[in-house]
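Structure record follows, encoded as structure tokens.
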Amino acid sequence: RLGFLAYYIHGRTVESSGIVINRLEERAAVADIRRLKQQCHHVVLSLHWGTEKSFYPSPSQIDLAHRLVDSGASIILGHHPHVIQGIEEYKGALIAYSLGNFQFLLNPADLPPHKDRRTNRSIILQISLSENTVDSYETIPVIIDDDFVPRECSSEEGEEMLSFIAGVSTLVVDGRVKSLPWYGYIAEIYLSENWRSFMIRIKRYGVWHLCKFIVWLITPFVLKCYAGWLWRKLSGQRSALEPS
């Protein structure tokens, strides 16, 4: 018996009559997991989280995933970054921090120069379960073609993608994704994309979004991005987390 829970962390909340958006509040989520675990063998979490086009979850995300597993979750399926992130086996559970894209192809021309963000790649997880354990899993690589249709990879494409996944997963599993280098790694693309998004919204919606933009510039997350970017420039470690 499987139980499913879904939450989101990022994004603007737009609610209509009769619609509830389940924002992740850790204490409530832990209570949900423990309650549902009493009724089923496995609890599966679908989490809309993470930083877009980052190949790595943040250290705080990794810690949160571990706490959710400690609370009783067996599988965590992440989405939102639009690129594949690492896969981790933790205390018998399976954590896929981001499954990538599936049918949401981003225009490469919209990406900053020299940034290969692999936004046309995704994975399907085939997971084998018994009553109390996650027995095994298989990673099936998928590519989105120019016609926006997902297809299973060729052998050569699949080998390249599996090698890439193994590389980004290793840093997560080994605990080598540290806070300051991670902020330095994501700062450029996060700041530039959000700046561009705010400019579009300010032109379209006016003063209210200008106020939001000013507040965003001094949020703790953005301030940490400034610090990470500065550390990266001064230290010269420009490719500390860049996968091959």
query = Do you know which of the residues in the range 216-225 that are in a helix (DSSP H, G or I) and open to solvent by 90 Å² or more (accessible area, probe 1.4 Å) is nearest to L180 (Cα to Cα)?
reply = K224
task = Within the range 157-174, track down each residue that is more than 16 Å from G100 (Cα to Cα), open to solvent by less than 30 Å² (accessible area, probe 1.4 Å) and among the hydroxyl-bearing types (S, T, Y).
result = none
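So, restricting to strands (runs of 3 or more DSSP E) that lie completely within the range 47-101, which ones have at least 2 residues that are open to solvent by 20 Å² or more (accessible area, probe 1.4 Å)? Before you say what the answer is, go through the steps one by one.
Working: elements: 73-79, 87-90, 93-96.
Here the list reads 73-79, 87-90.
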query = Could you say which residue among S154, S136, S179 is in contact with a helix residue (DSSP H, G or I) (Cβ under 9 Å, 6 or more places away or on another chain) and open to solvent by 50 Å² or more (accessible area, probe 1.4 Å)?
reply = S179
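The rows are residues; the columns are (1) basic (K, R); (2) touching a strand residue (DSSP E or B) at 6+ places or on another chain (Cβ under 7 Å); (3) assigned to a helix (DSSP H, G or I).
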site	(1), (2), (3)
P141	no, yes, no
I165	no, yes, yes
V168	no, no, yes
C211	no, no, yes
I214	no, no, yes
G228	no, no, yes
task = Among the candidates Y190, Y185, single out the residue that is under 19 Å from G78 (Cβ atoms) and open to solvent by less than 40 Å² (accessible area, probe 1.4 Å).
result = Y185
Candidates S128, S122 - the one that is in contact with a strand residue (DSSP E or B) (Cβ under 6 Å, 6 or more places away or on another chain), on the phi < 0 side of the Ramachandran plot and surrounded by fewer than 14 Cβ atoms within 10 Å (Cβ to Cβ) = S128
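Tell me, please, whether a residue that is among the small types (G, A, S), under 28 Å from A96 (Cα atoms) and in contact (Cβ under 8 Å) with a residue 40 or more places away in the chain can be found in the range 136-145. Steps first, answer last, please.
The initial filter retains those residues of the range 136-145 that are among the small types (G, A, S), namely 136.
Subsequent filtering for residues that are under 28 Å from A96 (Cα atoms) retains 136.
Next, from what is left, pick out any that are in contact (Cβ under 8 Å) with a residue 40 or more places away in the chain: none.
No: zero hits.
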message = I need a count of the residues in the range 61-96 that are without any contact (Cβ under 8 Å) to a residue 60 or more places away in the chain and under 12 Å from the mean Cα position of the chain (by Cα).
response = 11
query = Given the conditions (1) touching a residue at least 24 places away in the same chain (Cβ under 8 Å); (2) not in a helix (DSSP H, G or I), and given that M161 satisfies all but one, which numbered condition is not satisfied?
reply = (2)
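The values are calculated or read from the model by the stated rules, or taken from the named source; none is laboratory data. Fair warning: this is a prediction, and the values are worked out from it, not measured in the lab. Every residue, glycine as well, gets a Cβ built from its backbone with ideal geometry; the counts of neighbours run over all protein chains shown. The area values use the complete protein model at the heavy-atom level, side chains included, leaving out ligands, DNA and RNA. Shrake-Rupley method; radii C 1.70, N 1.55, O 1.52, S 1.80 Å.
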